Amino acid sequence: MDYGLLMENAKEASKNSYSKYSKFAVGACVLAGSGKMYRGCNVENSSYGLTICAERCAIFKAISEGEREINAVAIYSPNQDNCAPCGACRQVIYEFAPNGEAVVVTEKNNELILNDIKTLLPEGFLL
């Protein structure tokens, strides 16, 4: 897998962020089990509980198109190096990661950082 390409797509997705309240833009790109990539960005709302993170936006796009496995997620913010997923996003990634092995890609000083979701969420919840 070309994680650099996944990150470039996350960077492009961050340009569509609707973050008028926090001013913290985030973009994500997921690699689904089929090999297709799906982009997402954070979309805020004045009622903060209705906000969606970029990672969940991209994952839900993939799931709504019939995907059921996520193999990798790239996350990018122009506001912060190494923009890691929040707890809610970690749980959603874990849910759709085959055997909890999805790779989470972030970037620090223009260098890609790779973590598997089990490292970021060692005991994710599944029924």
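What follows is calculated from the coordinates using simple rules that are stated; it is not laboratory data. Keep in mind the model is a prediction, meaning the values are calculated, not measured. We place every Cβ from the backbone using ideal geometry, glycine too, and count neighbours over all the protein chains shown.
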5 angstrom amide H check on ILE70, placed H, neighbours 5+ away = GLY33, ALA97
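How much net charge surrounds ILE59 when only other residues with a Cβ under 10 Å from its Cβ are counted (Lys, Arg +1; Asp, Glu -1)?
Details: positive: ARG56, LYS61; negative: GLU55, GLU67, GLU95.
In short, -1.
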task = Of the options TYR48, ILE75, LEU127, report the single residue whose Cα projects farthest towards the positive end of the charge dipole of the chain (beta-carbon charges: Lys, Arg +1; Asp, Glu -1).
result = TYR48
ask   = Where does each of GLU123, GLU55, GLU8, GLU107 land when they are ranked from fewest to most other beta-carbon atoms within 10 angstrom?
value = GLU123, GLU8, GLU107, GLU55
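If the only charges are +1 at each Lys and Arg Cβ and -1 at each Asp and Glu Cβ, what is the size of the charge dipole of the chain around the Cα centre, to the nearest 20 debye?
Numbers: 12 positive and 15 negative charges, 85 e Å.
Charge dipole, the chain, about its Cα centre: 400 debye, nearest 20.
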task = Return the distance in nm (one decimal) between the two label points of a simple spin-label model at SER22 and ASP2, each offset 7 Å from Cα along Cα→Cβ.
result = 3.0
